[in-house]
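As structure tokens, the structure follows; a few thoughts come after it.
The values are calculated or read from the model by the stated rules, or taken from the named source; none is laboratory data. For clarity, every value in this text was computed on a predicted model and none was experimentally measured. Note: ideal-geometry Cβ built from the backbone for every residue, glycine included; neighbour counts use all protein chains shown.
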Amino acid sequence: MLRHLFFVMALLLGFVSVSNAGNSNSLMDVSADGKKLAVANPDNGTVTLFDLETRKSLFEIPVGEKPEGVTWLGKGPYLAVAVYAEDKVAILDSLSGKTIKVIPVDDEPYGIISSPDGERIFVTHEYPGKVSEIDAKALQVVRQFEAGSMPRGIALTPDGMFLLVSEFYTASLLKIEVSTGKVAEKLTARPDDNLSRQVQVHPSRPKAFLAHIRSRVQIIDSDGSIFPQLTVCDISTRPGRKKRQAFAMDTFNGVYVVSNPWETAISPDGKMLYVIYAGTNDMNVCRIVDDDFQEIARLGQPVRLGKNPRAIRVNPNGKEVYVYNAMDFEVAIHDAATMAKREVMKSCAPPKSPEWVLGKILFNTSTPPMTQGRWVACSSCHPDGHSDARVWQNPEGLRKTPPMMGLAHTHPLHWSADRDEVQDFEYTIRGKLMRGSGLARGGLKPKAGFQKTELMENLAGRSKELDAMAIYTNSFDFSLSPEIPAPGKLSPSGQRGKELFFSASVGCASCHSGPYYSDSVLGANGKTHDVGTGNDDPLEKMGPSYDTPTLLGVYRSAPYLHHGKAATLLDVLTTQNPKGLHGKTSNLSKDQLRDLVDFLKALPYEKPPAQTPNTVQYRFIPQGK
């Protein structure tokens, strides 16, 4: 009778837990029998399979550039991998270590999960904001549906009725009905919530957990800009429920600051929650409180982990916890009862070069000497070289965070062209935003107001750590735009837009020139242009002329302009260009404007050169290139 009553109540709440099979996206996944572990190595382009009984690596399987998620299909022996930079899903055989099928999918596949029976695979596509459903028997995409803006995280409720999808740049959660592919509900986040990569669903309660940050753009200070957050979402249909409850994970730990929360995991019995922090290399162990109020209770102090933890899983037997320390290139095995580290399994060899690896470690850390406060890392605003999609109220005025793709070829840096080398960011490390002791020995030329002092300070070669940071940040490359029919080709509207772009009458190419669509010149005498936007911000201190940003990859980097006031590319050409200083566009028809936007969205439609006269020295160059 009681079981029947519980089942009826669960139906009323819109959530029935029939098993612990609900899955969530991650770089790791444990097989249903708890005997094997799969790990995606994004920097190496491989997936490593481990035998958890012998603690040995079985295979390291090449899958392509930037695998960002892996999932077992049902009880195995097959796995599916989302290969982000190559727009494909690879199906692997864990018995042979072979790739048995490559399935072309839409752009930027990130999160990937399987239905409990292994017959369906669901994949998020960050751009253009969709979810694909793959038939795991036919090995083909059978359905696709809208999934908000820039989705990454994905989970399946235990009853199999709903997909839960998190938006990367907003941390909003979408509840999507599997049968129809329609959004049943959107649990909207706060305006400053940001960078949510994963969704973890509880095995028996209608709750989902999102680890993310808050980006407080009005404050430029290491103690007030970036904060670690855990949001608990009530995904039931219970009247009057509190849909979202956010927890500040720095104050959660008393005076011990943690940063850049990356992922969560829940024990099979639903009693324990684990949260890992990629910036400070920590993990919180929490007891889940079933009260719809407190939600979590901290158990002890944070557990110290290896470098840059990016994935966590719990064995189905509940006895072991696995943490992927990405920049140690290893999986640490922790005793679930004591959290003591038992063993370490190497997942892959360090990629690229030792300097590149050191640079990535520094870029992702929020510990000394990068910062004293522990809240902020470079990656807090530039996650893996992308933008955080925010406009910051910097001391010099409003500044939209630019992506770093193509950085090696578009120096000088910053909208105001006030830095001619990445090493100049020593000023940021020692400044108010990070308050670190710095990576270079000795003093720096003191800044006076908003003078471009950094252009007069040559920091290259003074510190191996600063040079390593430069090598890493100058090594981000572009993927071809998804808005093209084929590599090297434009749509008819894109071709018409190209002709307008390069026409003297419109004049876009007078500044956005060369293979990187920028007239930036290497050195301390960079070009800047007044395009009529410098007086739009009363707090501006360095305008009205700005550096010409590359247009490659502009299809995914909204909002636009230095102050971020152009929500769309059409706004760049129209509402934010009233005097025609940013191209002569006022006489263009609606069709011509649409063609011009289509061309911009198509960039890059072909790979730009790896070397130009404006290419910097400090970058990673693959052997043979």
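What the table below lists for this structure:
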| quantity | calculated |
| --- | --- |
| Single residue of the range 565-585 satisfying the filter (among the aliphatic types (A, V, I, L, M) and buried (at least 19 other Cβ atoms within 10 Å of the Cβ)) that is farthest from PHE476 (Cα to Cα) | LEU573 |
| Every pair of residues 6+ apart whose Cβ atoms lie under 7 Å, when the first sits in the range 282-304 and is in the same structural domain as THR264 (by TED's automatic domain parsing) and modelled with pLDDT of 95 or more while the second is of a type in the set (Gly, Ala, Ser) and part of a loop (DSSP other than H, G, I, E, B) | VAL285/GLY300; ILE288/GLY270 |
| Among (1) in contact (Cβ under 8 Å) with a residue 24 or more places away in the chain; (2) assigned to a helix (DSSP H, G or I); (3) over 22 Å from LEU407 (Cβ atoms) - the single one ALA470 does not satisfy | (3) |
| Residue match in the range 546-566 (condition: among the aliphatic types (A, V, I, L, M) and farther than 16 Å from LEU600 by Cβ) | no |
| Selection count, the range 206-245, where residues are within 19 Å of ALA278 (Cβ to Cβ) and of a type outside the set (Lys, Arg) | 14 |
| Some residue of the range 72-88 being more than 22 Å from PHE476 (Cβ to Cβ), touching a strand residue (DSSP E or B) at 6+ places or on another chain (Cβ under 9 Å), surrounded by fewer than 24 Cβ atoms within 10 Å (Cβ to Cβ) and without any contact (Cβ under 8 Å) to a residue 24 or more places away in the chain | yes |
| Checklist (1) surrounded by 20 or more Cβ atoms within 10 Å (Cβ to Cβ); (2) in contact with a helix residue (DSSP H, G or I) (Cβ under 8 Å, 6 or more places away or on another chain); (3) closer than 19 Å to ILE226 by Cα applied to LEU407, failing item | (3) |
| Near pairs, Cβ below 6 angstrom, 6+ apart or cross-chain, from the range 122-138 (aromatic (Phe, Trp, Tyr)) to any residue that is part of a loop (DSSP other than H, G, I, E, B) | TYR127/ASP107; TYR127/GLU108 |
| Odd one out for ARG55 among (1) at negative phi; (2) surrounded by fewer than 19 Cβ atoms within 10 Å (Cβ to Cβ) | (1) |
| Residues of the range 445-458 classified as assigned to a loop (DSSP other than H, G, I, E, B) and either in contact with a strand residue (DSSP E or B) (Cβ under 9 Å, 6 or more places away or on another chain) or more than 24 Å from GLY224 (Cβ to Cβ) (or both), total | 7 |
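Conditions (1) touching an Asp or Glu at 6+ places or on another chain (Cβ under 9 Å); (2) touching a residue at least 24 places away in the same chain (Cβ under 8 Å), marked per residue:
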site	(1), (2)
GLY373	yes, yes
ALA389	no, yes
GLU426	yes, yes
LEU439	yes, yes
LYS445	yes, no
ALA460	yes, yes
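Yes/no matrix, rows are residues, columns are (1) surrounded by fewer than 19 Cβ atoms within 10 Å (Cβ to Cβ); (2) at pLDDT 95 or above; (3) assigned to a helix (DSSP H, G or I); (4) among the polar types (S, T, N, Q):
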site	(1), (2), (3), (4)
HIS563	no, yes, no, no
ARG594	yes, yes, yes, no
TYR605	no, yes, no, no
PRO622	yes, no, no, no
